[in-house]
Amino acid sequence: MRVIRGKKDGPTVFISAAIHGDELNGIEIIRRLRKLNILNKLKGTLILVPIVNVYGIMNLSRYLPDRRDLNRSFPGSIKGSLASRVAKIFFDEIVSRCNLGIDLHTASIHKSNLPQVRTNIDNDYTFKLAKSFQAPVVLHSELRDGSLRSVAQDSGIPILLYEAGEALRFDEVSIRIGVKGIVNVLREMEMLPHLTNKKNIKTPIITRNSTWIRSNESGMLRTIKALGDIVKKDEIIAYIDEPLGDDSFEIRAIFDGVIIGKSEIPLVQEGDAIFHIAKLKDLQSAETKLEYFNENIIGQSEFYELNNEEIIE
């Protein structure tokens, strides 16, 4: 953990990663963030926690050794399970002392997520911060019992979730969007100086509804569409082929939307979640907003420290 205190008073914000021990992108995001010279102009306090679930990291596992999900164990108990005890300490010592949290995640094992911020878009404050992050998508997300975001909200502490990339893998685009997004949020909170040139501000896609499409057959998944692709209702997005036969089964989009999550392994069983699609009303506008993500997002940054980083292949 690292605490960075500004010379002037301001809010206290925590940035956390690896609540799930196989979600690694956030660790690299925090490593790069803490090297930025712009933090010398910080107002308030930044608490950086690159690894919350140390046990999971050591075992390359989403869970703790007791097979519990740390992000379903809040607020925790000092006399409970290992997951409950870790949750209790993290919440009491870090989260409860802050005005805002940004929790960094990836997709679960063998899946990948388009960079996206999840929050309650009916809350004006968190919605404003989520948009300022400038990830390609802002997705309305309901609270889940036992999650950090749910318990923090009950305590009056808003949390933004950044979901991007794949478990046990680094993804350069997701990392760079994450670093810049955190800086954008800190600027929106007036903890860092604002940009003088606002031409580069990107408007994300806002969506309230999303659904996982599940396989209705077992076999080998042959995907036609990728993360970030705009799809129309009934459009074919993949096929499931019989490995020992000649039959192929079509997978079609169930509504107009954008693919924000997908399976990364070709072997699927009946009932497996294979595509996560966020519902959209205006496909043309959404496609325009996604252009910057498909262009040279890992090109020149305003931070020379990021430009000097070796790109992770």
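Among beta bridges from DSSP that stay inside the chain, the antiparallel ones total about 60%.
In this structure the amide hydrogen of residue 262, modeled in the peptide plane, comes within under 5 Å of the amide hydrogens of 112, 276, none closer than 5 places in sequence on its chain.
Between the Cα long axis of helix 172-188 and the first principal axis of the chain there is an angle of about 40°, rounded to the nearest 10. Per residue, the solvent-accessible area of the chain (1.4 Å probe, heavy atoms of protein chains only, all protein chains present) comes to 49 Å².
Given a 1.4 Å probe and the protein chains as shown, residue 287 ends up with an accessible area of around 110 Å². Every helix of 4 or more DSSP H residues in the chain counts as -39500 (n - 2.57), and over all residues that averages to -7000 deg cm²/dmol at 222 nm. Computed from Cα positions, the angle between helix 124-133 and the longest principal axis of the chain comes to roughly 80 degrees.
Relative contact order for the chain: 17 percent, from Cα pairs under 8 Å spaced at least 6 residues apart, divided by residue count.
Residue by residue, segment 5-10 carries 3J(HN,Hα) couplings of 10, x, 6, 10, 5, x Hz when phi is fed to the Karplus relation 6.51 cos²θ - 1.76 cosθ + 1.60 (θ = phi - 60°); x denotes Gly or Pro. Taking a threshold of 25 Å on the Cα-Cα distance, which of the pairs 43/289; 233/262; 111/233 fall above it? The pairs that break the limit, which is 25 Å between Cα atoms, are 43/289. When the square roots of the Cα gyration tensor eigenvalues are ordered a ≥ b ≥ c, the ratio a/c for segment 6-98 is 1.5 or more and a/b does not exceed b/c, which makes its shape oblate.
What is segment 15-166 by shape, rounded, prolate or oblate, if you read a ≥ b ≥ c off the alpha carbon gyration tensor as root eigenvalues and call it rounded for a/c under 1.5, prolate for a/b larger than b/c, and oblate otherwise? Rounded is the answer for segment 15-166, as its axis ratio a/c remains below 1.5. Helix 283-294 axis versus longest C-alpha principal axis of the chain: approximately 60°, rounded to the nearest ten. For segment 154-165, the Karplus equation 6.51 cos²θ - 1.76 cosθ + 1.60, evaluated at θ = phi - 60°, returns couplings of 4, 9, x, 10, x, 10, 9, 9, 9, 10, 6, x Hz by residue, with Gly and Pro reported as x.
Of the listed residues 110, 20, the order by accessible area with a 1.4 Å probe, largest first, is 110, 20.
Taking every C-alpha pair closer than 8 Å and separated by at least 6 residues, the mean separation divided by the residue count of segment 126-256 gives a relative contact order of 23 percent. When all protein chains stay in place and ligands, DNA and RNA are ignored, the 1.4 Å accessible-area order of 162, 239, 55, largest first, is 55, 239, 162. Accessible-area rank, largest first, for 69, 246: 246, 69, with all protein chains present and a 1.4 angstrom probe.
The values are calculated or read from the model by the stated rules, or taken from the named source; none is laboratory data. Just so it is clear, the model here is predicted, and its values are computed rather than measured. Just so you know, the surface numbers come from the protein's heavy atoms only, side chains and all, with ligands and any DNA or RNA stripped out. Shrake-Rupley method; radii C 1.70, N 1.55, O 1.52, S 1.80 Å.
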